[in-house]
Each structure stands twice: as C-alpha cells, then as structure tokens.
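Let me begin by presenting the structure, written as structure tokens, before commenting on it.
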Amino acid sequence: MTDEQTSTALSPTRDAALARADFPFTKVARRLGIDPAEAEVALRDDDRARAAIARTVHDFLEVDDARRAGKAPATAMALDPDFPTGVGMALVGAAVLWEARDLVPKVALRVAKDHYEDGADELAASYIALVQESVDPGEDSRGDALAWAAQSLLVSVLQRSGPPAQADEIARDLAAHAIPIDLWRDDDPSLPDDSMSWHGGAFVGGIPPRRDERSLSFEDVHDYMNTLLAETRREQEAEGDGA
C-alpha cells in the first residue's frame, strides 16, 4: 500500500469534517483534555490537536494497562462510562481525522479486541483493518507485532462469523510466518525471534472491513459514540426510575 493509498484509507477530509455545522468541537476537546472554551481554535490547529491526541492516547494506554492488570485507577478517564471501548473508539477517530497515523494501531487493536469479546464481529473486523492499514510492512518491529496480532484476532473473528476456509487460510499464513495463533491475547504483543515481518496482506482471503466495503470513518466513530452515550443515559434513567 502506498502512502497515498494509506492516507486515503485512513483519513476522511479533515477540513470537510471541521466545516460541518454539527461537528462536536466541545465534546472532542473535552475528550482530548483541551479547554472547551478554546475548542474550535485548538482543533483547527493541526499541531496542537495532534499533541493533545498523543497525550490522551498515552493516558488511555496507561489506564487501560492498569485495568487489564486488575487494578482500578480512580482517574476521570477510568470512571468515564464509555471507558474503555467508547473512549478508545473516540481516540482512534481523532487520530484518523488528524492523520496521527502512528497513534492508530495500538488503540485500534484494543478496541478490536473489546468488540470481539462483546460479540460485535463486524466492528472488530473494521478496527482490525485500521490496525493493519496504519502499519508500514517491515518498517518497525513494534508495528509488525501489532499488525500480526490483529491478523491473529481476525482468525478468531472469521471462525465465529466468517467463512471457515478464510479462517483456515489466514491461520496457515500465520503458521508459515511463525506467528502464534493467539498473539492477539497479549496486552503488549511482541514477535518471537523466528517470526517474519508483517507482509502487508491485511485480509488474505479478501474479506472487506465492512459489508458495504467502506473503510471506517470519523463519522462512524462519532455515530457510535452518540449511540453509547444515548444508551448510557437510558440506563441511568431506568436505574433512577427503579430507585
């Protein structure tokens, strides 16, 4: 995949998104730790927005690591009703929109794992695609490990929701490159010494990331966040009525 193809696959037009009358400047700013009073100015400054995304991704990974280790950090992010999956989706959406490509893979893999564990296989496949589209084959061993981990997760997704033949084909490809079939289960995946670099074949059997063959966009992430927030509000109201 060329740089031009990758940019097209990962990034909706930022100017067009920011020009939308309903773009959620205040919500995005709060998520990124930016003063809501400065939301529009800050988010139109690409360098400032990317720096905020990088800080928030770092915080997200630290808090999520603690959660996965069985700890319960009392931070605002950890207490967010959308943490971890919804928060991760929002950060992936922001990284995609501002083309902070290096910040996509690690968070997108965690989101894909969450969706798989929740039984949302189509969403899991979309985020698997984002992991792999944002890694340059053979450029970085850390990126290679994340891409292969996503590929190993794809096997589990296909075994449950896709054609068995495609799951088998990808499993054989993993074995041929000395990649553990359960690499995706590692919180911080790394490759065995005898494994091979990521080859860039995101979907060996040709499965698209979505049934309509569109790449995941910021709008998809934003719409899903709205759904999560609406469901949270309904649950809170139902609990209040019950009390």
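The values are calculated or read from the model by the stated rules, or taken from the named source; none is laboratory data. This is a predicted model, so every value here is computed, not measured. Ideal geometry is used to build each Cβ from the backbone, glycine not excepted, and the neighbour counts take in all protein chains shown. Surface accessibility is based on the protein's heavy atoms, side chains included, excluding ligands, DNA and RNA. Shrake-Rupley method; radii C 1.70, N 1.55, O 1.52, S 1.80 Å.
Quick notes
- Residues that are farther than 15 Å from Gly86 by Cα and without any contact (Cβ under 8 Å) to a residue 40 or more places away in the chain within region 122-135 comprise just one, Val131.
- Selection of region 33-77 for residues being open to solvent by less than 40 Å² (accessible area, probe 1.4 Å) and in contact with a Gly (Cβ under 8 Å, 6 or more places away or on another chain) yields Ala52, Thr56, Phe60, Asp64.
- Count of residues meeting criterion [free of Cβ contacts under 8 Å to residues at least 24 places away in the same chain and polar (S, T, N, Q)] in region 62-121: 1
- Qualifying residues in region 20-32 (those that are open to solvent by 80 Å² or more (accessible area, probe 1.4 Å) and in a helix (DSSP H, G or I)) - the one nearest to Asp59 (Cα to Cα): Arg30
- Here Asp80 fits the description: open to solvent by less than 60 Å² (accessible area, probe 1.4 Å), over 14 Å from the mean Cα position of the chain (by Cα) and at pLDDT 90 or above.
- Per-region count, region 152-182, residues under 20 Å from Ser197 (Cα atoms), open to solvent by less than 20 Å² (accessible area, probe 1.4 Å) and assigned to a helix (DSSP H, G or I): 6
- Qualifying residue in region 129-147 (condition: outside any helix (DSSP H, G or I) and among the hydrophobic types (A, V, I, L, M, F, W, C)): yes
- Search result, residues across region 114-133 that are open to solvent by 10 Å² or more (accessible area, probe 1.4 Å) and more than 18 Å from Ala171 (Cβ to Cβ): Asp114, Glu117, Asp118, Gly119, Ala120, Glu122, Leu123, Glu133
- Qualifying position, being within 24 Å of Ala51 (Cβ to Cβ), at pLDDT 90 or above, open to solvent by 10 Å² or more (accessible area, probe 1.4 Å) and basic (Lys, Arg), among Arg142, Arg185: Arg142
- Tally, over region 62-110, of residues that are of a type in the set (Val, Ile, Thr) and closer than 18 Å to Ala149 by Cβ: 4
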